[in-house]
Every structure is written in structure tokens, then in C-alpha cells.
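Everything below concerns the one structure shown next.
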Amino acid sequence: GKSGYDHYMLKEIHEQPTAVRQCLHERVTELERRIDVEALEMLSVPTQVQFVACGTSYHAALYGVRLLRDRGVPATAFLASEYDAGSTPVGDETLVVGVTQSGETADTMGALRGANSAGATTIAVTNVVGSSAARECDHVMYVRAGPEIGVAATKTFVSQQIALVLLASELTGEYDDDLAAALRDLPGQLQTVLDDSSAREIATEYRGADAYFFIGRGYNAPVSLEGALKMKEITYKHAEGFAAGELKHGPLALVTDRTPVFALVTGGSNPTKTIGNVKEVETRGAPIVAVTDGSADAGRHADHVLEIPATHPAIAPVLGNVQLQLVSYWVANELGRSIDKPRNLAKSVTVE
Ligand code: M6R
């Protein structure tokens, strides 16, 4: 059941501290300074990594790309439906990672089959034990989010993000004390965000907006895309996410005083530059909501602040995303949408 929540989506948003604890369980040993992902122990550092995924899982893959590049591993994310192992250089030194919550998405399965026939080593990062992706791939890493009923992916996305942090660390054998400490603190910080968020008031104020825009740089860029996808999916309203620097290359023409802009401004992800972009929309009269740990004094340029606790730069977008999930949820709720089963959508998309 929904354990007293009005929707599975809200229940699952609130299950995220637990989902993260489950994903981390017995995989990080701070005392020995080790990260162990049982399924990946045998792998050596790949020459390149290609992610294949769709929708929200693709946004997790984009986040994974950055984690690997930060550790010196060339990595690319492909929309699974656009992946063609025939025209993409793939060899036995290539590691192809399929990120798929359900493990049944037809586009992702097609890409993984192609990668396997091209001789790549494949890993499924999935939530469902024994799923098609788990069976297709050479290796499988479970994200351990627990069952997700709402069509909108919420806790599985957070679990994918954490799984990819662990995967990137395991593959490169890099142990970072600050990152490990941030992971340890994350469930508690997620709880703080859930307890203290002012997303509901912001959603009430802006439920009538013409469109919603989301911007962020670096580690925050994939979350700006995810914020927009969630908003479209459950509110049926126009929403777009951009890497903050792209705004002035076209989308800025859409910005008016009826289009709130949500800016992710956190330490380590070029906060000062993002504030520069915030000023661009400020002069067009757009309402600004800063999702911030206080970096670059973001609150000073914003009409509202959605606060997140200070953490490692790579973990900040995990917390920021939860604020955006809550905004979408409450806008959809205000509009009386069918939150757990949005029109035209299915939980798992088994056609190409
Ligand atoms: O099961 P998968 O992770 O492969 O699903 C991929 C997408 O269909 C999925 O993430 C979709 O975008 C979500 N419903 C968005 O909330």
C-alpha cells in the first residue's frame, strides 16, 4: 500500500534515504578505505565506457559519464534508441553499461544485445533481479531501491546515481575519503531535505506558470534535464532543462515573467558562472528559484531558495534532485493530475 501517502510517487520520494542505505550496504568500508561492488571485482580499468539508457536512466548515465571522466576514464552516454554498435567503435576493451531500472526496456535491451555481439564487455545496472538486462549482460550490479510503483522514476534514479558513484570508484580503484564520508552522511541529509523542503509553497505559487526551466552546470546538468522530465511527465506542462551555459544560445528567447527558472547552484559545479546565467534570466523578469547549498550567495539573486545541505560536489546534485522531485509532485497535485499513472505512459516500455 501507500503507507498513508496520497500517491506512490510521494511514498517513494520519502523512501530515498532507505534506498540509498540499501545501495551502499556492505559496499563501502571506510575503515579499510575500500569500495567493493561484488559483481565488478574482476574487471580491470576499461579503455572506454559507453552508457546506454533511456529517459531518467539516461540522465543517471550522463551523471556517470562525468564521474568516470573525472577519474580519467573516457566515457560517453548514448540514448539507447540511438546506439548502434555497428557505427560506434566498440571492442573487447570497451565496457558498455546499460542503466535500466526495470531491466526490460526494449531500446536498452537492443543496445545491449548489439554491444554484446560487437564483443564489448557489458554490465547491467538495474533494480530488478533476474530481469532481461541482468540476464543479457556479462555482469550485473543491482541498485537495490526496492519496488517502484509510480510511473515516474524517483527512488530508482537516486539509487542509480549512487550505484554509478560506486561503479566509477570500483572500476578505477580510487578511494576518496571525502566522497565516502559524503555517502555515509547522505541518507541523513536526504531526510533533512524531505523534512524541511519548502517545495510545496513554491509549487502552489507557480502552478499556473506557462513553462518551467531548469539549469545547472557540470554535475548538476543531468539533474536539470531530470527536473524537466519529471515536471513534463506528471504535470503535462512545458518544461525544459539545459546546461546553464546553453541558455543564451537560444532557449533564453522563451524566458518571460511567466516562466520560473530553477537554478541548481552548488559548490564545485561552477556556481559563479551559473549565477551569471541566473542574472540573464533575472533581467527578463523570470521568477528564480535557487536550489543551493549557499554557494556564490545564490539566494541573493533568487525569489525563493530550496536549500540543500553542504556535501561533496559530486553528491550535491543527488540532494538537489530531491527538491525538484518535490516541486513537480506538488505542482501535479495542485493541478489534480493522475500522478502515479500519467496519461500515455507505462512503467516499463517494452516496444522499440
Ligand atoms: O526501466 P528503465 O530505467 O529502462 O526505464 C527507462 C525510462 O522509460 C524511464 O526512466 C522513464 O523515463 C521514467 N518513467 C521517467 O520517470
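The values are calculated or read from the model by the stated rules, or taken from the named source; none is laboratory data. Quick caveat: nothing in here was measured; it's all calculated off a predicted structure. We place every Cβ from the backbone using ideal geometry, glycine too, and count neighbours over all the protein chains shown. Side chains are part of the model used for accessible areas, which takes the heavy atoms of the whole protein and leaves out ligands, DNA and RNA. Shrake-Rupley method; radii C 1.70, N 1.55, O 1.52, S 1.80 Å.
So the check is Cβ under 9 Å with 6+ separation or different chains; which pairs have a first residue in segment 222-246 that's in contact (Cβ under 8 Å) with a residue 24 or more places away in the chain and at positive phi and a second one that's among the aliphatic types (A, V, I, L, M) and surrounded by 24 or more Cβ atoms within 10 Å (Cβ to Cβ)?
Taking only residues 6 or more apart or on different chains, the pairs are 236/332.
Looking at segment 304-352, which of the residues that are farther than 19 Å from residue 193 by Cα and of a type in the set (D, E, K, R) is nearest to the ligand (Cβ to nearest atom)?
Once the filter is applied, the top-ranked residue is 347.
Anything in segment 41-56 that is open to solvent by less than 70 Å² (accessible area, probe 1.4 Å) and over 30 Å from residue 150 (Cα atoms)? List them, or say none.
Within segment 41-56, 43, 46, 48, 49 meet the criteria.
How about segment 276-293: which of its residues are open to solvent by less than 50 Å² (accessible area, probe 1.4 Å) and either modelled with pLDDT under 95 or assigned to a loop (DSSP other than H, G, I, E, B) (or both)?
Residues satisfying the conditions are 276, 277, 278, 280, 281, 285, 286, 287, 293.
Taking interchain pairs and intrachain pairs at least six residues apart, which have beta carbon atoms under 8 angstrom, with the first residue in segment 166-178 and under 10 Å from residue 34 (Cβ atoms) and the second open to solvent by 70 Å² or more (accessible area, probe 1.4 Å)?
If the second residue must be open to solvent by 70 Å² or more (accessible area, probe 1.4 Å), the pairs left are 170/41; 173/45; 175/33; 175/34.
Of everything in segment 309-352 that's in a loop (DSSP other than H, G, I, E, B) and small (Gly, Ala, Ser), which residue is surrounded by the most Cβ atoms within 10 Å (Cβ to Cβ)?
That would be 314.
Within the bounds of segment 295-308, is there any residue that is touching a Leu at 6+ places or on another chain (Cβ under 7 Å) and surrounded by 24 or more Cβ atoms within 10 Å (Cβ to Cβ)?
Yes, segment 295-308 has at least one match.
Being more than 12 Å from the ligand (Cβ to nearest atom) and assigned to a loop (DSSP other than H, G, I, E, B) is the filter; apply it to segment 150-182 and report the residue that is most open to solvent (accessible area, probe 1.4 Å).
Top of the filtered list is 174.
Can we say residue 125 is surrounded by 21 or more Cβ atoms within 10 Å (Cβ to Cβ), more than 10 Å from the ligand (Cβ to nearest atom), outside any loop (DSSP other than H, G, I, E, B) and in contact (Cβ under 8 Å) with a residue 40 or more places away in the chain?
In short, no.
Working only within segment 76-112, note down all residues that are assigned to a helix (DSSP H, G or I) and free of Cβ contacts under 8 Å to residues at least 24 places away in the same chain.
82
Considering segment 51-75 alone, what residues qualify as being assigned to a strand (DSSP E or B) and within 16 Å of the ligand (Cβ to nearest atom)?
Listed by number, the residues that qualify are 51, 52, 53.
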